[in-house]
Each structure stands twice: as structure tokens, then as C-alpha cells.
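Below: one structure, written as C-alpha cells.
Quick note: the coordinates plus some simple rules give every number you see, no bench work behind them. Treat the numbers as computed from the prediction; the structure is a model and nothing was measured. Glycine gets a Cβ as well: all are built from the backbone with ideal geometry, and neighbour counts include every protein chain shown.
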Number of protein chains: 2
Amino acid sequence: MSDKVYRASTTAPVNIAVVKYWGKRDAKLNLPTNSSLSVTLSQADLRTLTTASCSASFPASEGDSLLLNGEPSDISGARTQACLRELRSRRAALEAADSSLPKLSTYPLRLVSENNFPTAAGLASSAAGFAALVRAIANLYELPASPSELSLIARQGSGSACRSLFGGYVAWRMGDKADGTDSMADQVAEASHWPDMRALILVVSAAKKGVSSSSGMQQTVATSGLFRERITTVVPENMAIMEKAIAEKDFEKFAEVTMRDSNSFHATCADTYPPIFYMNDVSRAAIRAVEAINEKAGRTVAAYTFDAGPNAVIYYQEKDTEAVVGTFYHVLQGADIGGWKSADIKGLKPTISLDENVAGLLKGGVSRVIMTGVGEGPVKTDEFLVAEDGTPAKR
Amino acid sequence: MSDKVYRASTTAPVNIAVVKYWGKRDAKLNLPTNSSLSVTLSQADLRTLTTASCSASFPASEGDSLLLNGEPSDISGARTQACLRELRSRRAALEAADSSLPKLSTYPLRLVSENNFPTAAGLASSAAGFAALVRAIANLYELPASPSELSLIARQGSGSACRSLFGGYVAWRMGDKADGTDSMADQVAEASHWPDMRALILVVSAAKKGVSSSSGMQQTVATSGLFRERITTVVPENMAIMEKAIAEKDFEKFAEVTMRDSNSFHATCADTYPPIFYMNDVSRAAIRAVEAINEKAGRTVAAYTFDAGPNAVIYYQEKDTEAVVGTFYHVLQGADIGGWKSADIKGLKPTISLDENVAGLLKGGVSRVIMTGVGEGPVKTDEFLVAEDGTPAKR
């Protein structure tokens, strides 16, 4: 029995949906009530790095383990277990077909994962986390699986994780099979197709963590009288318009659907009983600011969208940086917040002055910004978080 | 020609819907996209007093006029004109049939109107205003019209005004005729049927007046993808459950539909493009407070509802005053706000302590309260705002 430690590392990106996933038709398999579409964000700013390792020398009594941002993380949950089981069984099939292969499927897994952004930012890190976990183990096991095939597995860990297996513009097709084998992601367009898509994230501190998206969406499915219309009519229309807008790099259409779909999603949350509110007065001020920016520009240069929290994600094109980022930068200038990239904000002039109330809410409520843009999918890397001897790397 | 000044005075109540009117299928005739149902509130706390007067001695050159809260008010708008025209033509028909009647329909009208509550409270006063105007002129003209018939006229002034022609529990049936002759109000139950229905209004100061309900609802009709489901499915179900709940004095059902329908209405506002937000963080804190009160009570003792503004209206039954009013009174006690009725709050003990964040928002955002309850419809009165000689009474 060899003492060799097998290792594989990958990074995986965060994605922010422009047509939202909200609602499961099968909670166990993470099958959604509707398709969704997202933009993958650059890993230079937001990414998870995961090393998967295994070895016959790892004590079996230890079992599989995950160290996340330096802390042991519970992987006994059904979602993580489903991912590990699927990946192992695929490896076991390869081993059964070729007896020369080492029996990695029988070794305990040591997984170590780190985000390059603060968890406190309240950004959904589970998508990047499960995408990196699945991609890293697939690399370790040398599975001949396409990103779409891996998306089937990542989906079972966290629905939106399936979209983080691709870069650029990514659709998660809901599928209609009961076993979920057709509920997977595909790439609508490469990042290079429309590379000047940028995102400004306004991190808004919530007084209190809201309802988790996993339980929130099921409350919506169960109680919102308006939800059915969203999944049967609104989202299918939004998906079709959005795919065309991306194909044509039509920012006005992209922006309108992005804003309308975010509104529709939060409307179904507000229609849940009891109601779920993720946005607060600061979030709404960000909407008013985007509206003012677009009005001043005389065309749609910015689009807001909100996930299951108060943070605003504002999409814009690089050419409109001054109109969009310039406005927020000048409003927030006095506030002591981090995240501005000096190269990107240098020389930006304020193009409009916002309503006093809107400006005051933003200034008081935005705790940091993240400036990023569309980016690539998971990338294999030689940066390992597990040393050659199998010990987790020092942080 | 006589110099006699004919006068009639009436009061009319405010009503707060528990199934909301939002959306017109005919903007000119004020025909709604859905039926609605409201509770008429006591005129001891909230009412409009209107005196209608006319005289052959009033100069024709002066035309019709309205003095509202001491200020001349424009009545040239199409909605007010529609009401005056309808009332005059009914009077003219009486005069044509009986030549002994004075030709009041040909005299200029002097209308004087006063609210017993501050306009600044942001309470929809147009419902009480139009109901009082129509009822006062109908009295002046001695029209043999039922409240339902008058509701057809008041509806053309302000949709929800048609519900203020009755006391107690009132439905506005949307009707289906193109000319609107079947779109009128009727009484679902007298106030005396369920007299212990109380309302605590938390007046929340808005930083800025939101979109007017009249234009807001038409934006919703035109742009919300979820609105159709509300009017075709959600509201008809809510109307049916609500009528049954009132008939059976089933507060739990009444409360659930009230809260769900308010949520549904504001959800369609949030789904409007661009989105309309009437509620703010203080409004949402009121919702969380009601949820906490109900949870502590182990049954539903309070129900929130919000109109086109941030004020919370909280329905409860008199027996639950301590659980409901006691909680809000003790949270708001330190804040210098008016409206508490000392007799009603005397000895109320705090039953729960609210979440710190919720309490802080309420304390900082509620500017006054109004304690009231279900009440009667318009009442004829001998209190005149126009003197016998035709001059407006001194305020």
C-alpha cells in the first residue's frame, strides 16, 4: 500500500443570477421550479480555492473531512454527501474498468477550501464552494466528465453551484425528468463574447440574517399566491429575452430583464406568508440611484439585482464606468468603506447628484464595495492547500 | 327669486381595506380590476364633515366652489365634475317631474369640508372626502337614492370612496358592465354585527411622498407580470374567505386574509417596473412586531395591513387590547408621540419585549398613533360649515 498523497486543486467562481432561481420542485434532488441564468464573476475578485486530496495512508477512522477557511466544516449533511457519493461512484466505475488505476475511491478525502473574500460580505459563497469541491474531486479522480455533467452533481450540493462550473453567461435548465438527470447548466456565451460586462457590488450590512434561501424558497412555493405565475409565465419569458439579449450584446434588454426579474423574485418573497424581506431601505435607495443614473444618461447604463440579502449587484458596461461607478464613488466618498480599485476610479467625475435621502441611506448603509466583472469558469491550479505529505497547508 | 340658502351637512368615515383595490380596468369611470372589501372606521376619530349649500342668490359667475380645511380647492378635475354632474342630473330629473320643487340643480354649489384629522398623517382622506361630498349634495337635493346608488357616483370621484357610504364591513363589487352601472358597494355586515373590531394605526413618516395610488396602480396593471394572477385568482379567493370570516366573526381567518392580501398588493407594487415601494423599514418592523405578538399569544390576535404609504393599520379585537396595544404602547412609550387614549391604555402591561432592532425602528419611525375601531356610515348632522346667509363658517 502506497503512502502517496494524491492531490488536485481548482478555483471556482461566484455567479450572480440575472434570472433568479427561487423554488424547488424536489427538495432532495435540488430540482428547481424554473430555469435560471447567471453571469459568472471574475475570480480575481471572488473565488473559492479548493484542494482535494486522498491517500491510502489517511486513517480510515478519520473519514472524509473539509477544512473551510481554516475551520473544520461539517460534511455529514445530505447535500455534501450526495456530491461525494456521486463522485466516488464515478471513480469506482473507472477503477472497475481499468484495474491498473489506484483505488482512490476507497481512500478518505481531505478537502481544504478557502475564499478570497470575507464571509461577512454576505455573498452567497455556497455556489463557488460546491463548484470548487466537485471540480477538485473530479480532477483528483480524473473523471472524464464535462462541466455540464459535473453541474448535475454540484446542483445536488447547492442549486446555484451548478452555474459556477462555467465562465461567462450560464443557464441552468430546469429539466423535466423526475430523477433530475436533465437539470443541469450549460454555457450561453463565453466571457469573451461580451467581456466588458462589469459588476459593482454594494455590500449592505443587514441588521440580522434573513431567512435562509433554502427554507425561504420553499415557504414561497408553499404560500405565495403569485408564485405560480412567476414560474409558468414570467421566468420562461425572461429566459428567452435574456438569452437573445446576451447573444446580441443588447445591454438595454439585458438590464431590463435583470431588474424586472429581481423585482419579480422579491415580490414573490414579499407575497410569502409570513412575508420574507431581503431588501431594506438601503437596497431600495440603490434602486433609486440606478434609476437616476439611467435617467441622466438617457439610456439604460446600469441594472440592479438582489439575491437573498440586502446587497445590490449593479451590472454595467465598462464604457459606462464614469456614469455608474463615478456616481456611487462620489456619494460614498466620505464614508470609510473599502473595495474601490484606485486604478478604476481615478479621475471619475460625478455625473449626477442623487436625491439627498437616497444619498444618505447609501452613505449610512453601504459597508464596502466590490468592483468586478464577468469572468472565467473553474481553473485548475498548482496552488495546493494540502501539502505533499497530506497535511493542510498553513494559512 | 328667493334668497334662501339651502343647506345639508353630513359626516363620512374613512375606510381601510382588508382586500385591496389596486388597478383600474377603466380609468375614466374608475372601474376596478377586482372587487375589494373594507372596514369602516369610527368617525369619532377620523371623519370628514361636509356642508353642501346652494342658492339662487349665489352669483352664477362664481360657479361651484369647495373650501377644504379652510383652503379653496380645485374642483375642475374630471373626477369631481363627474360627481357633480351625476348629482345635478338626478336633481334635475326630480324637478322635471315635480314643478313645485325649487330648481336647486341650476344654482351654484358652495361646498365646505373639514377633516378631524391632520392631513399630514398621510391617511387616504379622499375616500371620506368624496363620500361626504356626494352624500351631502344628495341630502341637499333630497335624492331618493340608496347608499349603493350613491356609491356609483362616489366611485367616480375616488374608487375607494364608494365604500365609505356604508358603516361596518363593506364590499365593492367590481361588476362587469362596460358602463360601470354594476360597480358599486354594499354592506357585508353592520358595525354592530362585529363591534369589537379595533384598529391601531401607526403613523409612519415617509421621507418623501411615494407614487400616487392613482398613477401607481395603472403602472402596476401595465407592467407587473404577477398582477394578472392577483386579480384572477388571489383576490376572488380572498373575497370569498373574507366574507365568510366576517359572517362568522372568525378573527383568525379575517386576520390571515388581511395580512396575505396586503402582502399580495405590495408584492405587485414591488413587481411594477420601475418598482413602487410604499412600505419602508419601519413598516416592516411593524409586521415583525405583529408576528411576535401573535406568536406570544399562541393565536392570531392582530393583523397588519398597509395602504399606498408606510402607515401600519393593525386590526385586533377589543379583548386583545393588552396583547396588541400594550406591546406597542410600551415600545413607543419613550418616544414623544401623540394619539394614545389614556382611558384605553391605562394599566396595560407589556406582554412581550420585541426584538431590539424592531423596537428601535418603531421608536424612531412612528410619529403618532390613532386608536379607533369599526364604525358607522355617513351621518346627517346639524353642524353646518356654511352659515344661513351662505357664508362659510369661521373655522
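Things worth noting here:
- Exam field: B:Lys349 pseudo-label spacings to other copies (7 Å along Cα-Cβ), nanometres: 6.8
- Top positive-direction residue, dipole computed over region A:5-190 with Cβ charges, set A:Thr51, A:Ala171, A:Thr33: A:Thr33
- B:Lys363, A:Lys4 arranged by Cβ crowding within 10 Å, fewest neighbours leading: A:Lys4, B:Lys363
- Diffusion coefficient of region A:5-190 by Stokes-Einstein, Kirkwood radius over Cα pairs, 37 °C, 0.692 mPa s: 198 µm²/s.
- FRET efficiency estimate (nearest 0.05) - Cβ-Cβ, A:Ser342 to B:Arg85, R0 60 angstrom: 0.35
- Within 10 Å of the Cβ of each residue in B:349-357, the mean number of Cβ atoms contributed by other protein chains is 1.
- Across the protein assembly as shown, Cα-Cα distances exceeding 44 Å account for 38% of all pairs.
- P(r) weight above 21 Å for region B:296-395, C-alpha pairs, percent: 47
- Residue by residue along B:270-282, Cβ atoms of other protein chains within 10 Å of the local Cβ number 6 on average.
- For chain B, the mean residue ellipticity at 222 nm estimated from helices alone is -10000 deg cm²/dmol, where every DSSP H run of n ≥ 4 contributes -39500 (n - 2.57) and the total is divided by all residues, rounded to the nearest 500.
- Between 0 and 90°, nearest 10: helix A:281-297 axis offset from chain A longest Cα axis: 60
- Partner aspartates and glutamates whose Cα lies under 18 Å from the Cα of A:Lys28, excluding those fewer than 8 positions away in the same chain, are identified as A:Glu86, A:Asp176, A:Asp179, A:Asp182.
- Distant alpha-carbon pairs in chain B (separation over 31 angstrom), percent: 38
- Exposure proxy ranking, count of Cβ atoms within 10 Å, fewest first, for B:Ser9, A:Ser38, A:Ser212: A:Ser212, B:Ser9, A:Ser38
- Taking the square roots of five times each eigenvalue of the Cα gyration tensor of region B:197-373, the equivalent ellipsoid has semi-axes of 28, 21, 13 Å, listed largest first.
- Length available on full extension from A:Lys103 to A:Thr181: 0.36 nm per residue minus the Cα-Cα distance, which gives 25.4 nm.
- Shielding by partners for peptide A:222-234, expressed as the average number of C-beta atoms from other protein chains within 10 Å of each residue's C-beta, is 5.
- Teacher prompt: A:Ser148 distances to equivalent labels in other copies, 7 Å Cα→Cβ, nm: 6.2
- Working from label points 7 Å from Cα in the Cα-to-Cβ sense, the B:Asp382 to A:Glu356 distance is 5.1 nm.
- Cross-link partners of B:Lys380 among aspartates and glutamates, defined as those whose alpha carbon lies under 19 angstrom from its own and excluding same-chain residues fewer than eight positions apart: B:Asp45, B:Glu114, B:Glu142, B:Glu149, B:Glu190, B:Glu388.
- Lysine pair number, Cα distance threshold 23 Å (strictly under), region A:197-373, separation 8 or more or different chains: 19
- Between the helical axis of A:235-247 and the longest alpha-carbon principal axis of chain A there is an angle of about 90 degrees.
- Taking 0.36 nm per residue of sequence separation and removing the Cα-Cα distance, the B:Ala222/B:Glu295 pair yields an extension gain of 22.4 nm.
- Inter-site label distance for B:Glu71 and B:Thr232 at 7 Å from Cα along Cβ, in nm: 4.4
- Relative contact order of chain A, pairs being alpha-carbon contacts under 8 Å that are 6 or more residues apart, as %: 24
- Exam field: B:Ala97 pseudo-label spacings to other copies (7 Å along Cα-Cβ), nanometres: 9.3
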